[in-house]
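Input: a single structure, listed below in structure tokens.
The values are calculated or read from the model by the stated rules, or taken from the named source; none is laboratory data. These numbers were taken from a predicted model, which means no experiment stands behind them. Methodologically, a virtual Cβ is constructed for each residue, glycine included, from the backbone with ideal geometry; neighbour enumeration extends over all protein chains shown. Just the protein is used for accessible areas: all its heavy atoms, side chains included, with ligands, DNA and RNA removed. Shrake-Rupley method; radii C 1.70, N 1.55, O 1.52, S 1.80 Å.
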Amino acid sequence: MEDTIAIQRLKEGDASGLEFLVNKYQLKATQAAWLIVRDHHVAEDLVCQGFLKAYQSIRQFKNEGRFQSWFFRIVVNLAIDYLRSQKRFVDYEAEELENDQRFASAELSVEEQLERTQTMEELGAAFRKLDPEQRAVLVARYFLGLGEKETAAQLGKPVSTIKWRRFTALRQLRQALMDGLNSSEKKEKQI
């Protein structure tokens, strides 16, 4: 089944359309929400809310648009709104270190795996310091694969704002990694 058929069925009140869309987009939407809020349970709740919103406003969806982009916009906006309502940035949890271990390969030496884990921790610490809008732009670009124009349309912001948020976020991440590298070099010199 294609998205257009599922959407048409959903507009006609056939729940199989929603079932198809949930099966197709739930995992990637949950991953995108998690990248912003950094909490698995909250991300799952936000995706459920996103599907509920999509269901309630499916008649407003124009078939010439892509459902995936429209739906991910809903989820990303819900994630940003959630963080704003919490008035805080979500800290990393211990389980995230376990999640980051998926990047370690059996082909890497122990030293290389430790170095990679440390880099992921530093990147994660820098990522959590970004404001929610910067996170959303990076998630849209590098996780969802959206271009600047599409991201701007999905987030309801001018392209220049999207470019600036991406530029400043990447600059902050780069600086944090350089700071981490410099502190690692200082520690090695002390030893």
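Return the sequence-ordered ³J(HN,Hα) values of region 131-140 in whole Hz as given by the Karplus equation 6.51 cos²θ - 1.76 cosθ + 1.60 applied to θ = phi - 60°, using x for Gly and Pro.
Result, ordered by residue: 6, x, 5, 5, 4, 4, 5, 5, 5, 4 Hz.
With a 1.4 Å probe and all protein chains kept in place, how do Tyr55, Tyr25 rank by accessible area, largest first? Intermediate results must be reported in sequence, preceding the final value.
Numbers: Tyr55 115, Tyr25 15 Å².
Heavy-atom accessible area, descending, gives Tyr55, Tyr25.
Region 121-171: D in µm²/s via Stokes-Einstein (Kirkwood Rh, Cα pairs, 37 °C, 0.692 mPa s)?
Working: Rh = 10.9 Å.
Result for D is 302 µm²/s.
Over 22 Å between Cα atoms: which of Lys53/Lys129; Lys11/Lys62; Lys24/Lys163; Lys129/Lys149; Lys24/Lys62; Lys53/Lys149 fall into that group?
Details: Lys53/Lys129 29 Å; Lys11/Lys62 11 Å; Lys24/Lys163 30 Å; Lys129/Lys149 25 Å; Lys24/Lys62 19 Å; Lys53/Lys149 24 Å.
Cα-Cα > 22 Å for Lys53/Lys129; Lys24/Lys163; Lys129/Lys149; Lys53/Lys149; rest within.
Accessible area of Asp179, 1.4 Å probe, to the nearest 10 Å²?
Spelled out: Asp179, probe radius 1.4 Å, area about 80 Å².
Roughly what would the spin-label model give for Arg84 and Glu12, points 7 Å off Cα along C-beta, in nm?
In this crude spin-label approximation the distance works out to 3.9 nm.
Less than 10 Å Cβ to Cβ from Gln68, Lys/Arg counted +1 and Asp/Glu -1: what total charge do the surrounding residues give? Please report the intermediate quantities before stating the final value.
Numbers: positive: Lys24, Lys28, Arg66, Arg73; negative: Asp3.
So the environment of Gln68 carries a net charge of +3.
Using a 1.4 angstrom probe on the protein heavy atoms only, could you order Trp70, Trp34, Trp164 from most to least accessible area?
Working: Trp70 60, Trp34 25, Trp164 150 Å².
Correct descending sequence by accessible area is Trp164, Trp70, Trp34.
Using protein chains only and a probe of 1.4 angstrom, how many square angstrom of Met178 are accessible, to the nearest 10?
100
How far, in nm, would the chain grow between Arg174 and Lys53 when pulled straight, counting 0.36 nm per residue and subtracting the alpha carbon separation?
Working: separation 121, 0.36 × 121 = 43.56 nm, distance 3.64 nm.
The span from Arg174 to Lys53 would gain 39.9 nm if fully extended.
Mind listing which GluC sites (Glu not before Pro) in region 109-166 are in a DSSP loop and have 13 or fewer other Cβ atoms within 10 Å?
On the way: sites: Glu111, Glu112, Glu115, Glu121, Glu122, Glu133, Glu148, Glu150; in loops: none.
Taking region 109-166 and a limit of 13 other Cβ atoms within 10 Å, no loop GluC sites (Glu not before Pro) are found.
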